[in-house]
Amino acid sequence: MGEAVEFFHANGFSNLTQKFDPKLVLNVNGNSHLDRDGSWYEETIDDDLKWSFALNVNGVLHKGTSEFQEIALLDTKRFGKVLVIDGKMQSAEVDEFIYHECLIHPALLCHPKPKTVFIMGGGEGSAAREALKHKLLDKVVMCDIDQEVVDFCRRHLTVNQEAFSHKKLNLVINDAKAELEKSCEKFDIIVGDLADPVEGGPCYQLYTKSFYEQILKPKLNHGGIFVTQAGPAGIFTHKEVFTSIFNTIKQVFKYVVAYAAHIPSFADTWGWVMASDEPFSINAEKMDRRIEERIDGELNYLNGALFISSATMNKTVSLS
């Protein structure tokens, strides 16, 4: 297998209207039309598939444009506040905890004694919020390239305001690849909370074998764990990026675990990949015990049995 992951078809950019008209359907292609039943946000999943959200009266709560991307915060009826970047929904208020608990906690709970975490991306602050629940941690570095996205989320995503001001959080505005390259520090956990690897996109280079092998892996301490979001992992969507990410990481690390969960607001099963050069020797009981001992507060989704079951892929995905 070559350096690059498989080609992924991008959805295009959102072009939200400057003045929100509650009669308009907001569309990722910038087209809008009257809708008698109210206001909707519409995202194109594929040429023959769209995913629509009914909006509340205020519709677009906030909108901004950075050097790198377009940002919007929508008020939806079903999923609450929804963060949209470049026309793709990033997270929804009512179920983002599923994605972020699955991204952060398995790696931290599998590690015998994690002290330091480096998060690539994660500008909305939710990944840092989850990591900071772990009492053993001394430091969480969150490295995002876009200052305006971070500032936007700090202002408008109130659920993460405490995380942004936490004394253990070190916020860095930089390209994650460049930051890791120049860093003299090593970490127990490195997290990839990045956009999917669209060919030619800004995150593409952070999913290649050369990046994992030459830059990321040398920045892990002995026994360190790398975990990344790996895109849609459904029976019809896993070949977009999930399978390629898993197969690329398998070429770099000795032990690799893929796991998945359904996220309602994504209308799909989502996948993550966790990797290390040390085996993952943990069972459901041990994970539950570590959750009780190490985590400050309650988890809303993850427990030991759930994680073990989530690491069992269906036959179609397993054979890919």
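Compared with the alpha-carbon gap, the fully stretched path from Asp138 to Leu49 is longer by 27.5 nm at 0.36 nm per residue.
The spacing between the stretch 155-212 and the stretch 241-308, judged by their C-alpha centroids, is 19 Å. Charge dipole of the chain (Cα centre as origin; +1 on each Lys and Arg Cβ, -1 on each Asp and Glu Cβ, all else neutral): 820 debye, rounded to the nearest 20. Across the stretch 255-320, the volume of the C-alpha convex hull divided among the residues equals 113 Å³ per residue.
Test of the criteria: in the stretch 179-287, which GluC sites (Glu not before Pro) are in a DSSP loop and have at most 12 other Cβ atoms within 10 angstrom of their Cβ? If you can, show how the numbers build up before the last one.
Numbers: sites: Glu179, Glu181, Glu185, Glu199, Glu213, Glu240, Glu285; in loops: Glu185, Glu199, Glu240.
For GluC sites (Glu not before Pro) across the stretch 179-287 that sit outside H, G, I, E and B with at most 12 neighbouring Cβ atoms in 10 Å, the list reads Glu185, Glu199.
Beta bridges per DSSP, both residues in the chain: antiparallel share near 65 percent.
One quarter of the surface of the convex hull around the alpha-carbon atoms of the stretch 178-271 equals 6.5 nm², the direction-averaged projected area.
Of the residues Phe53, Phe152, Gln229, the one whose Cα sits farthest towards the positive end of the charge dipole of the chain is Gln229 (charges of +1 on Lys and Arg Cβ, -1 on Asp and Glu Cβ, taken about the Cα centre).
Relative contact order, whole percent, for the stretch 118-166 stands at 47, derived from Cα pairs under 8 Å and 6 or more residues apart.
Over all distinct Cα-Cα pairs of the stretch 223-300, the Kirkwood formula returns a hydrodynamic radius of 14.0 Å.
Stretching the chain fully between Ser309 and Gln214 yields a gain of 31.0 nm (0.36 nm per residue, less the alpha carbon separation). Taking label points 7 Å from Cα along the Cα-to-Cβ direction, Asn58 and His222 give a separation of 5.3 nm.
Modelled this way, with points 7 Å down the Cα-to-C-beta line, the labels at Asn170 and His262 are 4.1 nm from one another.
If the chain linking Val159 and Asp277 were pulled fully straight, counting 0.36 nm for each residue of separation and taking away their Cα-Cα distance, it would gain 39.0 nm.
Remark: the stretch 154-207 projects, on average over all directions, an area of 5.2 nm² (convex hull of Cα atoms).
Our summary gives the stretch 113-202 a relative contact order of 40 percent, counting only alpha carbon pairs under 8 angstrom and 6 or more residues apart. For the chain, relative contact order (Cα pairs under 8 Å, six or more residues apart, normalised by length) works out to 15 percent. All C-alpha to C-alpha distances of the chain, sorted into 20 Å bins beginning at zero, yield P(r) values of 33, 59, 8 percent in whole numbers.
Farthest toward the positive end of the dipole of the chain, out of Ala131, Trp40, Gln161, is the Cα of Ala131, where the dipole comes from beta carbon charges about the Cα centre.
Exceedance of the 25 Å cut-off in Cα-Cα distance is limited, within the set Lys113/Lys217; Lys135/Lys209; Lys63/Lys133, to Lys135/Lys209; Lys63/Lys133. Expressed as a fraction of 2.2 N^0.38 Å, the C-alpha radius of gyration for the stretch 63-203 is 1.02.
Every number in this text was worked out from the coordinates using simple rules, so none of it is lab data. Given the structure is predicted, the values throughout are model-derived calculations rather than measurements. Glycine also receives a Cβ, built like all others from the backbone with ideal geometry; neighbour counts cover every protein chain displayed.
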